[in-house]
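Values in this text are rule-based calculations from the coordinates and carry no lab data. Values in this document were obtained by computation on a predicted structure and should not be read as measured data. Cβ placement follows ideal geometry from the backbone for every residue including glycine, while neighbour counts extend to all protein chains displayed.
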Amino acid sequence: MKYKIEDLRILPEHMVPSTAGANSVDLRACISDDLVIYAREQVLIDTGIKVALPEDSLGMILPRSGLGVKGLVLGNLVGNIDSDYRGNVKVCLWNRNESGYITISPMDRIAQLVVVPVFSPTGWDQVDELDATKRGESGFGSTGSE
């Protein structure tokens with residue numbers, strides 16, 4: 001994977017997992033001053049990087065659990081970076097609290113990036129019938145009923 005630094009506050013050590021068991025890279029708020037996110041407000045924050053992901057992979061922007069406990073989550077719940085995207089990586093944060101505010105400071109860790117392999121949604125075969133399974137067409141809530 002390749003990345004390009006767009007904000008010189010981003011250091012190479014920011015682009016590796018923070019511990020030996022981690023599987024994500026922290027994304028940081030590349031802002032110049034503290035940013036107050038009021039209740040029910042959404043903001044788009046630049047992370048200071050661009051990425052070039054391998055073909056047949058997907059970059060998933062995921063929330064940080066510590067921020068989620070405070071009520072700050074991703075505005076789109078999960079971000080999606082396609083392998084052919086070359087623009088700035090940005091994070092939409094949403095303060096889901098009913099009142100109050102949350103402050104983000106410059107270079108705070110605001111989300112995490114995980115890169116996963118994917119199957120390209122091309123080459124679908126149209127059929128008259130799908131293979132039968134035990135579950136069949138049982139939908140929402142059906143997998144935990146036994």
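Per-structure values
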read-out: Residue check for ARG9: within 30 Å of THR122 (Cβ to Cβ) and either touching a His at 6+ places or on another chain (Cβ under 8 Å) or assigned to a loop (DSSP other than H, G, I, E, B) (or both); value: no
read-out: Hits in segment 92-125 - residues which are assigned to a loop (DSSP other than H, G, I, E, B), touching a residue at least 40 places away in the same chain (Cβ under 8 Å) and of a type in the set (Phe, Trp, Tyr); value: PHE119
read-out: Qualifying positions in segment 25-43 - farther than 20 Å from HIS14 by Cβ and not in a loop (DSSP other than H, G, I, E, B); value: VAL36, ILE37, TYR38, GLN42, VAL43
read-out: Among residues of segment 102-144, those that are surrounded by 10 or more Cβ atoms within 10 Å (Cβ to Cβ) and touching a Lys or Arg at 6+ places or on another chain (Cβ under 8 Å), counted; value: 9
read-out: Tally, over segment 27-58, of residues that are under 14 Å from the mean Cα position of the chain (by Cα), farther than 15 Å from LYS4 by Cα and surrounded by 17 or more Cβ atoms within 10 Å (Cβ to Cβ); value: 2
read-out: For ASN80: the one exception among (1) in contact with a strand residue (DSSP E or B) (Cβ under 6 Å, 6 or more places away or on another chain); (2) part of a strand (DSSP E or B); (3) not small (Gly, Ala, Ser); value: (1)
read-out: Qualifying position, being within 15 Å of ILE37 (Cα to Cα), surrounded by 11 or more Cβ atoms within 10 Å (Cβ to Cβ) and of a type in the set (A, V, I, L, M), among LEU74, LEU62; value: LEU74
